[in-house]
Structures are given as C-alpha cells and as structure tokens.
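The values are calculated or read from the model by the stated rules, or taken from the named source; none is laboratory data. Keep in mind it's a predicted model, so treat the numbers as computed, not measured. Note that each Cβ is placed from the backbone with ideal geometry, even for glycine, and that neighbours are counted across all protein chains shown. Surface areas here come from the heavy atoms of the whole protein model, side chains and all, with no ligands, DNA or RNA. Shrake-Rupley method; radii C 1.70, N 1.55, O 1.52, S 1.80 Å.
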Amino acid sequence: MILAIETSVERVGVAVGDAAGVRASAMLASDRRHAESLTPMIGFVLEQAGLAVRDLDHIAVDVGPGLFTGMRVGMATAQSMAWALDLPVVPVSSLDALAHGVGGSDTNIAVALDARRGEVYWGLYRGGAGSGEPVRLREPEVLSPEDCAIAIADRGEDTLCAGTGFLRHHELFAAVPTVIAAPPSLAVPRAEDVLALAVLRAARDLVVAPDALEPVYLRAPDAEINWQTRGRER
C-alpha cells in the first residue's frame, strides 16, 4: 500500500493505493499554501480509503522539477512520515508522472512545465507500451521554449505535447508541424500518476531511505538566483 504526494505545481494532490489501483485521492488548488493543505489532505484520503498510516508500506513523492517551495513541503512531509513509520520512499519525477498521465502506446511524448524566467522544464519520452512506464528518450532539462521547440522539430516525428510549458507558449509550439497538443486537462502531474509509477518502481525495489531523498531542481532556486543578481548589482 503506497501513499503518493504531489506538490510540485500550484496545487496539492494525494493518492493512496496499490497494484490493484487507486483506493482514494484528492486534489486541491493550493495557491502555494502547500504546507497548510497537505497534512489534512493526507488524513482525508486515508480516511476515505479506510486505511490508517500503519497500513502503508511505502511513501511516494514527486521530487521535481517544479515549484521549489511546494517540492520542499512534499519531500519534507514524505521524509517525516517515512522516518516515523520506518518505511522506504519512492521518488518520482514530475515530468515522468506527467508523461505517464498522457499515456499512449509507443507514442512520442514531450512534457514541459513552466519554469518561469522564460524557461521550461521538459523531457521527451516514448509511451510505455509494455511496462506501463514511459521510457525517457531525453533526460529532463531546463531550456528556453525556443530551444525546446527546435529539439522537437529536429526529431521530425509526431510528438504529443503536454504541460503548462506548452500551454504558456502555445503559439510558438503550434508553429512546429510535428507537435500534437494534448488536452489542457493533462497539463500538470497528478498524484494518481505518481502512485502508478511508484507501484511499478516499488515492485523493482527502486526505493531510497528517507535521508537519501534528493530534489530534482535542474536550476538554482529563484531565491538563490535573486540573491546572486543583487550581489552582482552591488
């Protein structure tokens, strides 16, 4: 039984379930109030599933890339619960979860989350036809939308594109002939997809100890960038 936490975007998602599927889930638009929302949501989801924390076998959490504050809240909560319950943690990338949610058998999938500062976090995948887990064709990275569009165009293959990064820069990507826009409902990672990937990975023992959990930032946090900029201006 796995509890999955998703806080890398501007909402909070929690799901619980196992290989048989999702037992219960909830999502709340948090307006960046992840810390206030997450713990009550975990209690609510467990109650809806008829479970107690002692019934859990793993804790799964989105480790980014995404909102730095949201990621830290989700990871800190996952670590605290895992330490208290003596459970392993299953780390899941937000881009992997987003690609899983798009689905598609043997299909090129590009996912991109808005990274602000004129950049996107993005990754390229092939739909998981056999394993159910999308296969990375290109490792997650942070790029300008223009460079991301060029990378997709250079492959010369139809590519299903999903995520807030594509929505924000819609006109740019619409000019690429091989881009197929996914529905806006698939624009952000969901806790249910974090859970689905965690089930597959826990079965292969792809877990870490709570103190070994690492965030996927791809670039320095905005606060650090701002501080460095101020230092140079002085």
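A few points about this structure:
- Subset of segment 142-160 (residues that are open to solvent by 70 Å² or more (accessible area, probe 1.4 Å) and of a type in the set (A, V, I, L, M, F, W, C)): ILE150
- Hits in segment 69-79 - residues which are in contact (Cβ under 8 Å) with a residue 60 or more places away in the chain and either open to solvent by less than 10 Å² (accessible area, probe 1.4 Å) or hydrophobic (A, V, I, L, M, F, W, C) (or both): GLY70, MET71, VAL73, GLY74, MET75, ALA78
- Within the option set LEU95, LEU124, being under 25 Å from GLY156 (Cα atoms), in contact with a Phe, Trp or Tyr (Cβ under 9 Å, 6 or more places away or on another chain), open to solvent by less than 10 Å² (accessible area, probe 1.4 Å) and not hydroxyl-bearing (Ser, Thr, Tyr) holds for one residue only, LEU95.
- Residue identified as closer than 28 Å to GLY21 by Cβ and modelled with pLDDT of 95 or more among GLU133, GLU214, GLU192: GLU192
- Residues located in segment 161-181, provided they are open to solvent by less than 70 Å² (accessible area, probe 1.4 Å) and either over 27 Å from MET27 (Cα atoms) or at pLDDT below 95 (or both): LEU172, PHE173, ALA174, VAL176, THR178, VAL179
- From the options ALA24, ALA82, ALA19, residue that is in contact with a helix residue (DSSP H, G or I) (Cβ under 6 Å, 6 or more places away or on another chain) and open to solvent by less than 10 Å² (accessible area, probe 1.4 Å): ALA82
- Residue-level check: of (1) more than 27 Å from VAL73 (Cβ to Cβ); (2) touching a Leu at 6+ places or on another chain (Cβ under 9 Å), SER105 misses just (2).
- Complete set of residues in segment 177-201 that are free of Cβ contacts under 8 Å to residues at least 24 places away in the same chain and of a type in the set (Ser, Thr, Tyr): SER185
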